[in-house]
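Structure, as structure tokens:
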Amino acid sequence: MIETPKPVRTRIAPSPTGEPHIGNMYVALLNWALARQTGGQFLVRIEDTDRTRFVDGAERMFLDALAWLGLDHDEGPDVGGPVGPYRQSERLAIYEGEVARLLSTGHAYRCFCTAERLAEVRKQRQKAGGETGYDRLCRGLAPEDVQKKLAAGEKATVRLAVPLEGETRFEDGVRGPITVRNETIDDQVLLKSDGYPTYHLASVVDDHAMRITHVVRAEEWIISTPKHILLYGALGWNPPQFFHLPLIRNPDRSKLSKRKNPTNVLWYREQGYLAEAVTNFLGMLGHSMPDGREVFSRDEFLAQFSLARVGTTGPVFDMEKFEWLNGEWIRRLPLEKVAARLKAEGFVPKAMLEKFAGPGAPGFLAIVRLMQERLKKLSEFADATAFFAERLPYDPAELVPAKKDKPTRTPAETLSALERLRSALAAAPASAAGEADGPAWEAKALEELVRVLAEELGWKPADLFMSLRVAVTCRKVSTPLFETMEILGREESLVRLDEAIENFGALRLNNEVTE
Ligand code: GLU
């Protein structure tokens with residue numbers, strides 16, 4: 001195992017080509033943890049040298065996602081730092097300087113081959129069953145010929161002159177020693193004809209210039225690392241330590257893709273996942289806590305994290321587990337925090353805010369308390385609590401209690417039960433002040449009252465609860481009935497019962513006429 005000197009400098013180097021990928025956040029979390037654990041620095045570097053894939057706004061989204069997850073960075077395009085600029089498109093002169101050095105030392109050469117020729121070479125080599133890389137035609141060009149072509153304005157790229165013999169070795173912190181025969185390594189393009197560096201050149205130059213000590217990145221880059229090692233050698237630099245993390249997989253073990261799972265981390269935010277749950281979930285992927293714990297905070301993760309416990313098998317992205325974890329976190333947070341998040345992240349409909357969440361209105365917290373146990377995602381809140389703020393349409397036939405959709409009472413019995421409920425509840429006072437005869441308008445007393453009535457009517461309490469639930473919440477499934485009625489208040493609950501009786505009576509009349 002590679003020793004980790006302290007403090008380390010790590011980086012996340014996103015290409016701004018689209019939405020911030022959850023896999024990238026996983027890599028960011030591990031880089032962040034390594035830097036924070038050792039008192040080092042965590043950098044953000046924007047790798048925007050592929051102008052054809054550049055997406056405006058992608059950098060902002062990436063930084064937003066990092067900030068949302070609390071993965072704070074010490075240096076980056078937004079906060080600056082001593083080794084900037086932190087966008088590769090602003091560092092072109094630096095790459096040019098290093099390319100000139102590589103050309104003068106013979107570690108690189110200019111290539112004038114056209115795209116058509118390269119495609120043809122690839123095809124021919126493929127047919128012959130050999131390597132599909134470049135055939136190194138321009139590597140043999142005499143310096144005068146190069147000058148002539150340049151003078152004639154021919155477009156050129158710059159390629160790495162990979163040694164034709166020997167092998168390249170490096171130690172991967174996750175996979176151990178890796179050795180590659182140089183003859184299998186392509187003469188990689190370093191500088192494109194548009195003057196932009198390729199990823200390989202820019203990444204090596206910047207990791208060196210930015211004094212990155214640990215390159216922790218996704219496994220898909222492991223195949224490029226021998227080229228990078230050769231480049232470090234050619235430039236006379238010591239390479240950093242490399243750690244290649246296994247790729248996150250779909251349950252069928254294919255590479256995590258948005259066709260099978262949402263991969264935009266901001267999608268999870270819109271769906272009402274908590275940042276705590278996202279970092280917890282990512283921290284669980286491919287890394288196990290020493291005591292096997294599954295629910296842990298970012299700080300707990302930080303205290304325990306070790307690159308030595310990152311495995312080599314691709315962790316499976318288990319959406320069900322993710323949802324479960326989110327529910328766990330919704331319950332873990334203090335009530336006030338859940339309420340504040342719901343509001344801040346826009347999960348509370350306007351009607352609810354107006355009615356229950358105004359200054360001095362304690363109702364909102366009480367509603368959140370009822371929901372906290374039940375939510376898996378914050379986005380479920382609005383729908384599950386919509387009936388608090390407004391009366392929702394429902395089929396009056398649902399007032400008749402039913403088991404597995406078979407009515408357990410007749411409509412006539414139901415109507416008279418609703419009427420009895422109405423008058424019994426109307427006798428209950430609005431507050432717990434105890435000035436009136438009936439029980440106070442609070443959950444326990446209300447339940448007691450309804451239970452007593454059920455007995456008098458010869459109804460099962462569950463049946464009477466069902467009719468009352470539909471009348472008051474307009475839904476067959478709701479938050480706990482009596483707590484809900486307590487929050488709705490006496491007046492509103494009674495109005496809803498009145499409406500139920502009225503609608504139900506009309507329905508019965510209609511039925512009787514048509515029967
Ligand atoms: N720009 C590369 C990416 O998008 C960075 C790879 C690396 O970390 O070296 O993943």
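A few remarks follow.
- When we screen Arg117, Arg91, Arg87 for residues that are free of Cβ contacts under 8 Å to residues at least 40 places away in the same chain and farther than 17 Å from Ala234 by Cβ, the only hit is Arg117.
- Selection status of Arg269, basic (Lys, Arg) and at pLDDT 95 or above: yes
- Any hit, segment 1-11, residues being without any contact (Cβ under 8 Å) to a residue 24 or more places away in the chain, over 16 Å from the mean Cα position of the chain (by Cα), more than 14 Å from the ligand (Cβ to nearest atom) and assigned to a loop (DSSP other than H, G, I, E, B): yes
- Segment 41-60 residues that are touching a residue at least 24 places away in the same chain (Cβ under 8 Å), paired with ones that are among the aromatic types (Phe, Trp, Tyr) and part of a loop (DSSP other than H, G, I, E, B) (beta carbon under 8 Å, 6 or more apart): Leu43/Tyr86; Val44/Tyr86; Arg45/Tyr86; Ile46/Tyr86; Asp48/Phe54; Thr49/Tyr196; Asp50/Tyr196; Arg51/Tyr196
- Looking across segment 17-59, not a single residue is crowded, with 19+ Cβ neighbours inside 10 Å and on the phi > 0 side of the Ramachandran plot.
- Residues of segment 252-277 satisfying the condition of being of a type outside the set (D, E, K, R) and farther than 18 Å from Gly314 by Cα: Asn264, Val265, Leu266, Trp267, Tyr268, Gln271, Gly272, Tyr273, Leu274, Ala275, Ala277
- Residue in segment 451-460 that is within 15 Å of Phe388 (Cβ to Cβ), modelled with pLDDT of 95 or more and aromatic (Phe, Trp, Tyr) present: no
- Scan of segment 442-468 for residues that are surrounded by 13 or more Cβ atoms within 10 Å (Cβ to Cβ) and of a type in the set (Gly, Ala, Ser), ordered by number: Ala443, Ala445, Ala454, Ser467
- Condition met for Asp50 (away from the ligand (no atom under 16 Å from the Cβ), in a loop (DSSP other than H, G, I, E, B) and more than 23 Å from Gly286 (Cα to Cα)): no
- Any hit, segment 30-43, residues being at pLDDT 95 or above, in contact with a Phe, Trp or Tyr (Cβ under 8 Å, 6 or more places away or on another chain), away from the ligand (no atom under 14 Å from the Cβ) and basic (Lys, Arg): yes
- Considering segment 218-227, the residues that are among the hydrophobic types (A, V, I, L, M, F, W, C) and either more than 11 Å from the ligand (Cβ to nearest atom) or within 23 Å of Leu92 (Cα to Cα) (or both) include one that is surrounded by the fewest Cβ atoms within 10 Å (Cβ to Cβ), namely Ile223.
- Helices (runs of 4 or more DSSP H) wholly inside segment 312-404 containing at least 3 residues that are crowded, with 19+ Cβ neighbours inside 10 Å: 319-332, 335-344, 363-372, 381-389
- Verdict on Gly129 being without any contact (Cβ under 8 Å) to a residue 12 or more places away in the chain, closer than 24 Å to Gly23 by Cα and not β-branched (Val, Ile, Thr): no
- The residue pairs whose first member lies in segment 328-350 and is touching a residue at least 60 places away in the same chain (Cβ under 8 Å), whose second member is part of a helix (DSSP H, G or I) and crowded, with 16+ Cβ neighbours inside 10 Å, and whose beta carbons are closer than 7 Å, counting only pairs six or more residues apart or on different chains, are Arg341/Leu378; Glu345/Leu378; Phe347/Leu378; Phe347/Ser379; Phe347/Phe381; Phe347/Ala382.
- The set of residues in segment 50-93 that are modelled with pLDDT of 95 or more and polar (S, T, N, Q) comprises Gln88, Ser89.
- Residue match in segment 64-72 (condition: within 12 Å of the ligand (Cβ to nearest atom) and either of a type in the set (A, V, I, L, M) or in a helix (DSSP H, G or I) (or both)): no
- Where a residue in segment 218-243 is closer than 20 Å to Asn182 by Cβ and in contact (Cβ under 8 Å) with a residue 60 or more places away in the chain and its partner, wherever it lies, is more than 13 Å from the ligand (Cβ to nearest atom) and of a type in the set (Asp, Glu), with Cβ under 6 Å and at least six apart: Phe242/Asp172
Residue by residue, here is whether (1) touching a strand residue (DSSP E or B) at 6+ places or on another chain (Cβ under 7 Å); (2) in contact (Cβ under 8 Å) with a residue 24 or more places away in the chain; (3) part of a loop (DSSP other than H, G, I, E, B) holds:
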position	(1), (2), (3)
Tyr273	no, yes, yes
Glu276	no, yes, no
Phe281	no, yes, no
Arg293	no, no, yes
Asp299	no, no, no
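- Whichever residue in segment 172-217 is small (Gly, Ala, Ser) and within 15 Å of the ligand (Cβ to nearest atom) and, among such residues, is farthest from Gln241 (Cα to Cα): Ala202
- Flag for Thr105 being within 18 Å of Leu160 (Cβ to Cβ) and of a type in the set (S, T, N, Q): yes
- Answer residue from segment 239-266, given it is modelled with pLDDT of 95 or more and touching a Phe, Trp or Tyr at 6+ places or on another chain (Cβ under 7 Å) and is nearest to Asp172 (Cα to Cα) among those: Phe242
The values are calculated or read from the model by the stated rules, or taken from the named source; none is laboratory data. Since we're looking at a predicted model, the values are computed, not measured. Neighbour counts are summed over all protein chains in view; Cβ atoms, including those assigned to glycine, are modelled from backbone coordinates with ideal geometry.
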